[in-house]
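The values are calculated or read from the model by the stated rules, or taken from the named source; none is laboratory data. What you are looking at is a predicted structure, and each value in this text was computed from that prediction instead of being measured. All Cβ positions, even for glycine, are placed from backbone atoms using ideal geometry, and neighbour counts span all protein chains on display. Keep in mind that these areas ignore ligands, DNA and RNA; they rest on the heavy atoms of the full protein, side chains included. Shrake-Rupley method; radii C 1.70, N 1.55, O 1.52, S 1.80 Å.
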Amino acid sequence: MEIVVIGTGGGYGESIVLRWDDGKSAVIDSCIDPQRESCLPLEYLRTTGADLEKVQFIVATHWHDDHIRGISEVLYACPNAIFWTTAARDWSIFIRLMLADGRNSGAVLKGKSDTSQRALSELEVCMEIIASRGNHGPERAQGDRLVYREKDLNLEIFALSPSELAISKYEQEIAIHIDEIGKFRTRIPRIGPNDKSVALFVQYKGECIILGADLEIGTTTANGSTGWNDVMNGKQCLHPGLRARVLKVAHHGSAGAQHLGFWSDLVAPEVMSLMTPWQKCATNYVPDDIELDFVAGRSAHTYITSTHGSIGKPKPRDVETKKLISKVGLRLSEVKYRYGLIRIVYDEANENWNCELRGSAFGFK
Amino acid sequence: MIVTTDKEGVADIHQDATDDRILRWVSSKVTNEAVVQSTSSPTEPFSLEVEEGLMKNLFIKPVLEKESTVRFKATQSWVGHIIRVDEDAIEVRFHDLNSGGTDEIALLDWDDINPDDKSLVRLGAVVYCSVGRMIRNGQVLNAQITRLRRLASWNLNDIDSLSDEAAARMRSLGLK
């Protein structure tokens with residue numbers, strides 16, 4: 001089993017590639033290099049000689065930009081992959097939101113449509129690809145649903161989230177989103193906390209891996225719970241005594257995603273924690289130093305794909321344009337792109353995980 | 001002179017506003033490479049002719065006393081969306097429309113936003129911004145144009161057709 005976490009500074013996104021026996025693989029989320037506009041997980045699969053026909057499934061954990069850019073390209077290139085995402089129980093509600101978002105791409109500047117300002121354009125293309133193939137519809141992820149199994153390998157992959165309550169709330173949110181984007185023609189804003197994201201639990205030859213996506217702690221009410229609160233209330237797929245030795249830390253290590261019970265009950269002391277950073281706005285990024293210390297203090301090894309994207313100066317331009325920007329007083333800060341990759345490979349003989357870092361990725365304790 | 005518009009884009013110009021405010025207002029209606037030509041007449045309404053841009057069907061009631069020409073040539077343009085709003089400033093994540101590549105975060109003052117657009121400021125609102133040269137009556141000015149996307153709200157027909165389209169998409173995906 002090989003787990004590759006691709007991350008970028010500056011909030012351009014993250015992606016995970018899983019590979020296991022017989023060249024089979026899966027892709028969880030997608031991101032792009034904004035300079036070359038290339039899809040990073042696909043590029044990784046191609047450059048390492050992966051057989052794209054053996055990509056078994058693709059998961060769009062949620063529809064935030066930093067998790068879905070390029071995912072339609074991945075799906076298009078992988079003809080046999082089953083597509084999983086978080087969606088309403090009633091697909092038609094989710095599809096209405098997707099189409100509503102599409103109707104907001106009216107204005108065109110310099111011949112370029114403003115699809116960059118649409119949240120769901122990638123998912124819409126995915127649905128078109130799935131419809132054109134006509135062999136397997138999209139799958140809706142939910143806590144305890146089996147995503148993939150190979151009995152011979154003792155490989156099982158389950159969704160840990162979203163919970164029943166989170167999906168109900170999601171359906172209500174979608175109705176509000178449709179109303180808002182119809183009335184104000186805005187892009188769908190990010191609304192927290194993120195309890196709709198699809199966290200995954202992977203069991204492979206006795207090893208336990210948790211891929212936390214952007215799942216946050218969530219809430220608990222009389223009607224049930226959401227987020228990690230719901231996961232900690234018990235999932236059938238999580239057998240007692242299981243402890244993750246590999247963890248993709250949820251929501252970029254933000255404090256709002258770190259459930260204390262999760263770290264004490266589901267994570268092994270020797271855990272290898274893998275992280276990616278995210279930049280919300282100029283002064284708000286995760287993880288900060290306190291959040292990094294929290295994760296590192298509970299992990300045997302901690303790796304992150306890069307620091308957050310530095311912000312300060314406008315991006316390099318020709319002298320005339322730079323002068324003009326300065327003269328009109330427009331305050332701009334470039335969101336730097338940094339590419340980092342963490343690759344860990346399971347050594348069956350020694351029952352160890354070996355780590356390789358590329359690009360701007362680094363480890364710390 | 002003061003310029004105000006109603007919902008149909010009809011503008012009134014009052015004599016007590018300054019030329020500069022007119023210029024700012026006109027600029028806010030214009031996107032890239034637009035040329036605005038106004039021809040005044042003391043008795044008849046005049047239209048602003050836009051060679052290229054998004055302004056359409058804009059009629060301004062009198063009265064300017066002499067012919068004026070406003071020409072804006074964008075050097076650099078962005079499209080982005082609002083990621084933070086507070087009392088002091090608005091933060092926008094911009095995508096570079098000239099050369100692509102990395103994004104930029106802009107900190108805009110509320111004063112950078114046209115008064116007509118202020119009601120549109122909210123998280124997720126789409127913002128267009130250009131910097132360039134504005135030529136007015138032979139005078140060259142450095143200018144920044146910031147405009148929020150303004151599209152008509154959906155009506156009942158739009159909502160109905162959305163449901164129809166969703167049903168068709170469901171069928172094509174084999175979903176029930």
Next item on the list: Specify which residue in the list A:Y285, A:P269, A:T321 is farthest towards the positive end of the charge dipole of region A:267-335, using unit charges on the beta carbon of Lys, Arg (+1) and Asp, Glu (-1), about the Cα centre.
Entry: A:T321
Notebook entry, point to check: Within region A:195-218, whose backbone N sits under 18 Å from a point 7 Å along Cα→Cβ of A:E139?
Noted result: A:197-205, A:209-213
Next item on the list: Could you state how much accessible area B:I159 has, in square angstrom rounded to the nearest 10, with a 1.4 Å probe and all protein chains kept in place?
Entry: 80 Å²
Next item on the list: Give the accessible surface of region A:153-301 per residue, rounded to a whole number of Å², with probe radius 1.4 Å and ligands, DNA and RNA excluded.
Entry: 36 Å²
Check: In Å², what does the accessible area per residue of region B:66-141 work out to with a 1.4 Å probe?
Finding: 40 Å²
Next item on the list: Compute the accessible area of each residue in region B:87-121 twice, once for its chain alone and once with every protein chain present, using a 1.4 Å probe on heavy atoms, and list those whose area falls by at least 30 Å².
Entry: B:E91, B:R93, B:H95, B:L97, B:G101, B:T102, B:D103, B:E104, B:I105, B:L107
Note to self: List the pairs from A:K24/B:K176; A:K313/A:K336; A:K315/B:K118 whose alpha-carbon separation is above 19 Å, in the order I gave them.
What the structure shows: A:K24/B:K176; A:K315/B:K118
Check: Between A:T221 and A:E43, what is the label-to-label distance in nm when each label sits 7 Å out along the Cα-to-Cβ direction?
Finding: 4.3 nm
Next item on the list: For A:D51 paired with B:N142, estimate the spin-label separation in nm (one decimal), with each label point 7 Å from Cα along the Cα-to-Cβ line.
Entry: 6.0 nm
Item checked: Probe 1.4 Å - accessible area at A:M232, Å² to nearest ten -> 50 Å²
Check: Fully extended, how many nm does the chain gain between A:D90 and A:D22 (0.36 nm per residue separation, minus their Cα-Cα distance)?
Finding: 20.9 nm
Notebook entry, point to check: Based solely on its DSSP helices, what 222 nm [θ] is calculated for chain A when runs of n ≥ 4 H residues each add -39,500 (n - 2.57) and the sum is averaged over all residues, nearest 500 deg cm²/dmol?
Noted result: -7500 deg cm²/dmol
Notebook entry, point to check: So who's got an amide H within less than 5 Å of the one on B:L141, skipping anything under 5 residues away but keeping other chains? H placed 1.01 Å off N, in plane.
Noted result: B:M134, B:I135, B:R136
Notebook entry, point to check: How high is the FRET efficiency from A:I290 to A:K183, r the C-beta distance, R0 45 Å, rounded to 0.05?
Noted result: 0.70
Margin query: Quick check: the distance between the Cα centres of region A:16-60 and region B:89-149, to the nearest angstrom?
Written below: 37 Å
Item checked: Projected label distance in nm at B:S119 and A:D347, using a 7 Å step from Cα toward the beta-carbon -> 6.7 nm
Margin query: Residues of region A:346-365 with backbone nitrogen within less than 16 Å of a virtual label 7 Å along the Cα-to-Cβ line of A:Q35, please, listed as ranges.
Written below: A:359-361
Notebook entry, point to check: What dipole magnitude, in Debye to the nearest 20, does chain A give about its Cα centre under +1 on Lys/Arg Cβ and -1 on Asp/Glu Cβ?
Noted result: 1320 debye
Margin query: Once ligands and nucleic acids are excluded and a 1.4 Å probe is used, how much of A:E291 is accessible, expressed in Å² to the nearest 10?
Written below: 20 Å²
Check: FRET efficiency for B:S99 and A:S264, Cβ-Cβ distance as r, R0 = 51 Å, nearest 0.05?
Finding: 0.55
Check: What is region A:225-309's relative contact order, in percent, from Cα pairs under 8 angstrom and six or more apart in sequence?
Finding: 30 percent
Next item on the list: Pairs of Cα atoms under 8 Å, at least six residues apart: use those to get the relative contact order of chain A, whole percent.
Entry: 16 percent
Next item on the list: Could you please put B:K176, A:K54, A:K196 in sequence from largest to smallest accessible area, using a 1.4 Å probe?
Entry: B:K176, A:K54, A:K196
Checklist line | Size of the B/A contact, given as accessible area buried on both chains, probe 1.4 Å, in Å² | finding: 5400 Å²
Next item on the list: May I ask you to derive the FRET efficiency for A:E156 and A:S326 from their Cβ-Cβ distance with R0 = 56 Å, giving the value to the nearest 0.05?
Entry: 0.45
Checklist line | region A:184-244 versus region A:321-363: alpha-carbon centroid distance in Å | finding: 25 Å
Notebook entry, point to check: How many Lys pairs in region A:141-291 lie less than 28 angstrom apart by Cα atoms, where the lysines are 8 or more positions apart or on different chains?
Noted result: 17
Check: For region A:54-67, in order, what is each residue's ³J(HN,Hα) by Karplus, 6.51 cos²θ - 1.76 cosθ + 1.60 with θ = phi - 60°, in whole Hz (x at glycine and Pro)?
Finding: 9, 6, 7, 7, 10, 10, 9, 5, 5, 9, 6, 3, 6, 10
Note to self: Using Cα-Cα distances under 8 Å and only pairs 6 or more residues apart, what relative contact order does region A:116-245 have, in percent?
What the structure shows: 23 percent
